[in-house]
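Novice: Here it is, the structure in full.
No value in this document is a laboratory result; all are computed from the given coordinates. Not measured: the values here are computed from a predicted model. Here the Cβ positions follow ideal geometry from the backbone for every residue, glycine too, while neighbour counts run over all protein chains shown.
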Amino acid sequence: MNMSVTIAGVELKNPVMEASGTFGSGMEYSEFVDLNRLGAVVTKGVANVPWPGNPTPRIAETYGGMLNAIGLQNPGIDVFAKRDIPFLKKYDTKIVVNVCGKTTEDYIDVVERLGDEPVDLLEINISCPNVKEGGIAFGQDPKAVEAITKAVKAHAKQPVIMKLSPNVTDITVMAKAAEAGGADAISLINTLTGMKIDINRRAFALANKTGGLSGPAIKPVAVRMVYQTAQAVKVPIIGMGGIQNAEDALEFILAGATAVAIGTANFHNPYATVETVDGIRAYMEKYGVDDIRDLIGAVK
Ligand SMILES: Cc1cc2nc3c(=O)[nH]c(=O)nc-3n(C[C@H](O)[C@H](O)[C@H](O)COP(=O)(O)O)c2cc1C
């Protein structure tokens, strides 16, 4: 039985990875999960310099999900390259580094630094505000999506996955812009902007007022966007948003995702990723599917 899939020429032993920002660089989770069993490990977003993140509180529970406004706290590329990459290299899995920035130059800086590192794929988080354009996220303007993709591609040594924001009117416009800019793959969805109010304190639940909604509550939106994107572009798709188990992951694969990522579920079930790998295998055995590639986009 074949469970391996290929993203931009990089072969993953199975289609399951965890989603950026929910797993550190795997260090804490390696006590629970054998990282060798994952198709890839995706790191928390890294910038060219350390980012302190947002004031607290920056997490709030919601029905079927959570809001977060961590603010992409990260130690910066220097510490990351010294600490996280050597740790991940010990494992037989692919390394995907998630990159964030406030300007095009920030992204290029990180991507260039990663050029000489043993990293397999770059995932570019374009849900970050573009400070030179009044703070609108790169991923909310098709011209900016194409431009940032082109700029990153011109400097990247590894294949580039563009991670789309779902906070847009038509996801296919953004997916096509990323493809036009030269993206090797697309991942989606990032979190949906939300808000929660604490009625007892009569205050916003998050110090940042708004936060990103993730978890099972967003899954139907994510499946719909993955399906629409699969109809619109030719590049492979990594699907995510509310995946908790193999059944959820298979929905994304049948909708057109070549691989899947598990985020929020890790917080309440640290075994969610490996259980999903086992569950996909059990599904394939049950239905006599010899090659996972036969399931990708099988629902038209
Ligand atoms: C606490 C937290 C931190 C996150 N940090 C990042 C990040 O650094 N970069 C990024 O591209 N996405 C980040 N995300 C978004 C996730 O990778 C994922 O796209 C989203 O949460 C949807 O998947 P899920 O419902 O399985 O969590 C973060 C999500 C959460 C909950």
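Novice: Considering only the other residues whose Cβ falls under 13 Å of the Cβ of residue 181, what net charge follows from Lys and Arg at +1 and Asp and Glu at -1?
Specialist: Once positives and negatives cancel, what remains is 0.
Novice: At a 10 angstrom cut-off on C-beta neighbours, averaged per residue, how do the peptides 47-53, 195-201 rank from highest to lowest?
Specialist: Sorting 47-53, 195-201 by mean packing, highest first, produces 47-53, 195-201.
Novice: Report the semi-axes of the equivalent ellipsoid for the chain in whole Å, largest first, where each axis is √(5λ) for an eigenvalue λ of the Cα gyration tensor.
Specialist: So the three semi-axes of the chain are 26, 22, 20 Å.
Novice: Please state the relative contact order of segment 8-89 as a whole percent: Cα pairs under 8 Å, 6+ residues apart?
Specialist: Averaging sequence separation for qualifying contacts and normalising by length gives 28 percent for segment 8-89.
Novice: With a cap of 15 neighbouring Cβ atoms within 10 Å, and only residues DSSP puts in a loop, list the chymotrypsin sites (Phe, Trp or Tyr not before Pro) found in segment 15-63.
Specialist: Passing both the DSSP loop test and the Cβ count: 32, 63.
Novice: Identify, among 140, 272, 191, the residue whose Cα sits farthest towards the positive end of the charge dipole of the chain, taking +1 on the Cβ of Lys and Arg and -1 on the Cβ of Asp and Glu, with the dipole about the Cα centre.
Specialist: 140
Novice: What pairs in 102/143; 163/196; 94/300; 13/102; 219/300 have C-alpha atoms more than 23 Å from each other?
Specialist: 163/196; 94/300; 13/102
Novice: For segment 180-295, what class follows from the C-alpha gyration tensor (a ≥ b ≥ c being the square roots of its eigenvalues): rounded when a/c is under 1.5, otherwise prolate if a/b is larger than b/c, else oblate?
Specialist: On the way: a/c = 2.96, a/b = 1.57, b/c = 1.89.
It is oblate, given that a/c is not under 1.5 and a/b is not larger than b/c.
Novice: Related question: Quickly rank 288-295, 37-44 as a protection proxy: mean count of other C-beta atoms within 10 Å, highest first.
Specialist: 37-44, 288-295
Novice: To the nearest 500 deg cm²/dmol, what mean residue ellipticity at 222 nm is calculated for the chain from DSSP H runs of n ≥ 4 alone, each contributing -39,500 (n - 2.57), summed and divided by the residues?
Specialist: Helix-only estimate at 222 nm: -9500 deg cm²/dmol.
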